[in-house]
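In what follows, a single structure is set out as structure tokens and then discussed.
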Amino acid sequence: MYLGLDIGTSGVKAILIDAKQRIIASAISPLKVSRPKPGWSEQAPEDWWKACNAAVKAIAKQKPKAIAAVEGIGLSGQQHGATLLDKADKVLRPAILWNDARSFAECRDIEEREPRARKIAGNIPLAGFTAPKLVWVKKNEPRVFDKVAKVLLPKDYVRLRMTGEHASDMSDSSGTFWLDIARRAWSDELLAATDMSRDQMPKLYEGTEATGRLTVAVAKAWGMPKRPVVAGGGGDNPASACGIGAVKPGEAFASLGTSGVLFVSNERFMPNAARAVHAFCHAVPGAWHQMGVILSATASLEWLASLLKTPAPKLTSALGKTLSGPSPALFLPYLSGERTPVADAQIRGLVMGIGHETDAKILTHAVLDGVAFAFRDSLEALKAAGTD
């Protein structure tokens with residue numbers, strides 16, 4: 001038996017499968033996001049651990065014999081989140097999440113201190129990435145910064161609680177802006193540009209490698225006497241790619257969630273920083289991947305649903321099964337800033353071309369078009385990077 005744990009933004013998802021990948025049981029434990037100021041997005045790491053325990057115990061209640069037979073655990077999760085720990089592994093502040101926009105100015109600071117940053121990382125520093133968050137903490141919370149002994153990504157904090165090990169995988173670490181992605185190793189130059197060091201980073205593993213075993217206490221609490229091996233795992237999108245088999249060059253998928261992703265697997269490192277393509281290590285050894293990322297995909301439709309006080313399914317069902325041509329209104333889905341292709345945390349959305357005849361149908365159609373065209377922007381950016 002094998003257990004998969006996904007540390008998402010909205011919840012922790014657990015799934016139990018057998019050796020033939022048949023689903024035996026699954027459970028979800030919800031999470032909440034804190035937004036103490038405009039543009040901020042935080043979660044308490046302890047909440048991830050509580051939700052993880054709740055999801056695993058829900059499965060154990062359903063299938064106690066099956067959970068006792070678990071031999072391996074895989075981890076995936078939301079990327080980029082900065083979890084700051086002191087020397088005793090105590091959390092210093094709430095984790096700053098992937099969709100937090102406060103550190104946009106710090107991205108410029110990094111490039112001013114290290115002019116080769118884009119070339120080393122193969123990416124544009126973005127407010128969502130981990131490194132700019134630490135520069136912001138140093139500026140605004142210096143006492144916290146001085147105590148930072150380790151920085152972990154969300155799923156890797158859960159790993160620490162599971163195994164006692166400070167470890168991460170290549171794909172998730174690619175989104176920190178501290179990794180030399182071509183070399184699959186921490187970059188001393190990028191770390192120095194944020195006043196960080198290798199000592200503050202977790203040990204790097206490939207996604208398929210073992211990073212440790214469940215501690216005796218956790219294994220007992222979860223009803224797993226075999227103390228399963230915990231694999232390196234991957235960031236949420238690379239892990240999804242593994243799940244559907246997109247691990248060979250040119251294999252791709254589109255993901256429509258709160259954010260939107262156009263993902264393609266590559267046999268080599270193929271950056272296009274100028275168009276804000278994310279060029280990262282894949283979760284499988286010897287492979288890389290590219291992503292076009294838009295920040296407000298279904299979030300755009302949910303915004304309209306909230307504005308019109310109408311559930312999103314009702315808005316879309318009113319359009320019927322087909323759409324004839326584009327909407328007469330135009331919508332830019334930059335509600336939380338945008339990554340591909342503009343790389344601007346401060347840019348905001350737009351609705352134009354509206355008139356007295358504009359109704360809920362026209363606005364809904366415009367929002368769907370806007371998200372589709374944003375995916376097309378990502379497609380063109382990937383093509384410009386040499387990807388078919």
With a Förster distance of 45 angstrom and the Cβ-Cβ distance between Val144 and Glu71, calculated FRET efficiency to the nearest 0.05 equals 0.70
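Find the all-direction average of the projected area of the Cα convex hull for region 37-105, expressing the result in square nanometres with one decimal place. Please report the intermediate quantities before stating the final value.
Working: hull surface 27.2 nm².
So the Cα hull casts an average projection of 6.8 nm².
Classify region 160-279 as rounded, prolate or oblate, taking a ≥ b ≥ c as the square roots of the eigenvalues of its Cα gyration tensor: rounded when a/c is under 1.5, otherwise prolate if a/b is larger than b/c and oblate if not.
Values: a/c = 2.32, a/b = 1.31, b/c = 1.77.
Verdict is oblate for region 160-279.
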Taking the convex hull of the alpha-carbon atoms of region 1-57 and averaging its shadow over every direction gives an area in square nanometres of 4.2
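Taking the mean number of other Cβ atoms within 10 Å as a proxy for protection, how do you rank 340-349, 20-29, 285-294 from highest to lowest? Present the calculation step by step, with values, prior to reporting the outcome.
Values: 340-349: 17.9, 20-29: 13.5, 285-294: 22.9.
With the highest mean Cβ count within 10 Å placed first, the list reads 285-294, 340-349, 20-29.
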For 77-87, 106-116, ranked highest to lowest by mean beta-carbon neighbours within 10 Å, the order is 77-87, 106-116
Restricting to lysines and to Cα separations under 22 Å from Lys90, and discarding same-chain partners fewer than 8 apart, the set is Lys32, Lys50, Lys133, Lys138, Lys139, Lys147, Lys150, Lys155, Lys203
Placing +1 on each Lys and Arg Cβ and -1 on each Asp and Glu Cβ in region 1-76, then taking the dipole about the Cα centre, the residue among Ala14, Trp49, Gly39 whose Cα reaches farthest towards the positive end is Ala14
Whole-Å distance linking the alpha carbon centroid of region 82-139 with that of region 51-72 is 35
Placing each pseudo-label 7 Å from Cα in the direction of the beta carbon, Gln62 and Asp188 end up separated by a distance in nanometres of 5.0
Taking Cα atoms, the helix 360-384 axis meets the longest principal axis of the chain at an angle in degrees (rounded to 10) of 60
Output ordering of 165-176, 359-370 (per-residue mean of other Cβ within 10 Å, highest first) is 165-176, 359-370
Once Lys and Arg are counted +1 and Asp and Glu -1 for all other residues with Cβ under 14 Å from that of Gly8, the total becomes -1
Checked region 259-326 against the a/c 1.5 cut and the a/b vs b/c comparison, axes a ≥ b ≥ c from its Cα gyration tensor; verdict prolate
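Compute and list, largest first, the equivalent-ellipsoid semi-axes of region 68-227 from the alpha carbon gyration tensor, each √(5λ) rounded to a whole angstrom.
Numbers: eigenvalues 173, 59, 31 Å².
Working from the Cα gyration tensor, I get semi-axes of 29, 17, 12 Å.
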Per the helix-only model, the chain has a calculated mean residue ellipticity at 222 nm (DSSP H runs of ≥4, -39500 (n - 2.57) each, divided over all residues, rounded to the nearest 500) of -10000 deg cm²/dmol
Excluding residues fewer than 8 positions from Lys119 in its own chain, the aspartates and glutamates with Cα under 15 Å of it are Glu111, Asp180, Asp188, Glu189
Rounded to whole angstrom, the alpha-carbon centroid of region 225-272 lies from that of region 312-388 at a distance of 25
Per its Cα gyration tensor (rounded if a/c is under 1.5, else prolate when a/b beats b/c, else oblate), region 104-185 is best filed as oblate
For the chain, one quarter of the surface area of the C-alpha convex hull, expressed in nm², comes to 19.6
Subtracting the Cα-Cα distance of Lys314 and Lys50 from 0.36 nm times their residue separation yields 91.6 nm
With every protein chain in place, the accessible area of Thr358 for a 1.4 Å probe, in Å² rounded to the nearest 10, comes to 40
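Let's test the formula: R0 of 30 Å, r as the Cβ-Cβ distance of Thr358 and Lys321. What FRET efficiency results, to the nearest 0.05?
Values: r = 22 Å, r/R0 = 0.75.
Step by step, r from the Cβ atoms, then E = 0.85.
Under a 1.4 angstrom probe, counting protein chains only, how are Tyr2, Tyr205 ranked by accessible area, largest first?
Reading off the accessible areas and sorting them downward yields Tyr2, Tyr205.
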In a Gaussian network model of the chain with springs linking alpha carbons closer than 10 Å, the residue among Leu301, Leu160, Leu323 that fluctuates most is Leu323
Taking a crude spin-label model, label points 7 Å out from Cα along the C-beta direction, the Ala88 to Arg198 distance in nm is 2.9
log10 I(q)/I(0) for region 1-159, Debye formula on C-alpha points only (no solvent), q = 0.10, 0.18 Å⁻¹, two decimals, reads -0.44, -1.04
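The values are calculated or read from the model by the stated rules, or taken from the named source; none is laboratory data. All values reported here derive from a predicted model rather than from experimental measurement. Methodologically, a virtual Cβ is constructed for each residue, glycine included, from the backbone with ideal geometry; neighbour enumeration extends over all protein chains shown. All accessible areas refer to the heavy atoms of the entire protein, side chains included, with ligands and DNA or RNA removed. Shrake-Rupley method; radii C 1.70, N 1.55, O 1.52, S 1.80 Å.
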